[in-house]
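Asker: For reference, the structure I am asking about is given below.
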Ligand SMILES: [Zn+2]
């Protein structure tokens with residue numbers, strides 16, 4: 001547990017799910033919810049079906065991909081969030 005980073009921690013209070021494999025990415029990106037791209041300075045919120053997101057980007061990305069079902073949970077758990085301009089998750 002101590003070796004895990006903030007974003008892979010999965011205690012009872014956390015609603016985040018880390019998307020680790022391409023199969024998981026395919027599954028989550030076809031569901032209703034939010035995919036968050038996290039790097040060292042910000043977290044960018046996308047709707048799961050945003051056209052910006054695709055398998056090739058996922059495979060080549062150095063960012064962490066997180067899955068949330070509710071916008072409230074994202075704001076409770078992540079700092080320095082920004083919305084994707086293409087999919088406008090808060091609309
Ligand atoms: Zn987007």
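Asker: For a quick check of your reading of the model, give me the residue pairs whose first member lies in region 59-80 and is under 19 Å from residue 27 (Cβ atoms), whose second is assigned to a loop (DSSP other than H, G, I, E, B) and modelled with pLDDT of 95 or more, with beta-carbon atoms closer than 7 Å and at least 6 apart or on different chains.
Answerer: Every condition considered, the pairs that remain are 65/19; 66/19; 67/19; 67/33; 68/33; 69/33.
Asker: To continue, here is another question. Tell me, which residue of region 51-67 that is surrounded by 11 or more Cβ atoms within 10 Å (Cβ to Cβ) and farther than 11 Å from residue 19 by Cβ is nearest to the ligand (Cβ to nearest atom)? First the steps, then the outcome.
Answerer: We begin by selecting, within region 51-67, every residue surrounded by 11 or more Cβ atoms within 10 Å (Cβ to Cβ); these are 52-55, 57-58, 61, 63-67.
So of that shortlist, the ones also farther than 11 Å from residue 19 by Cβ come out as 52, 54-55, 57.
On the way: 52: 4, 54: 11, 55: 15, 57: 11 Å.
Filtering region 51-67 for residues that are surrounded by 11 or more Cβ atoms within 10 Å (Cβ to Cβ) and farther than 11 Å from residue 19 by Cβ, the one nearest to the ligand (Cβ to nearest atom) comes out as 52.
Asker: Does region 43-50 contain any residue that is farther than 19 Å from residue 91 by Cβ and more than 11 Å from the ligand (Cβ to nearest atom)? It would help to see each step written out before you state the result.
Answerer: As a first pass, look at region 43-50 and keep what is farther than 19 Å from residue 91 by Cβ: none.
Within region 43-50, none of the residues are farther than 19 Å from residue 91 by Cβ and more than 11 Å from the ligand (Cβ to nearest atom).
The values are calculated or read from the model by the stated rules, or taken from the named source; none is laboratory data. What you see is a predicted model, and the numbers here were worked out from it, not measured in a lab. Reconstructed Cβ throughout: ideal geometry from the backbone, glycine too, with neighbour counts over all protein chains shown.
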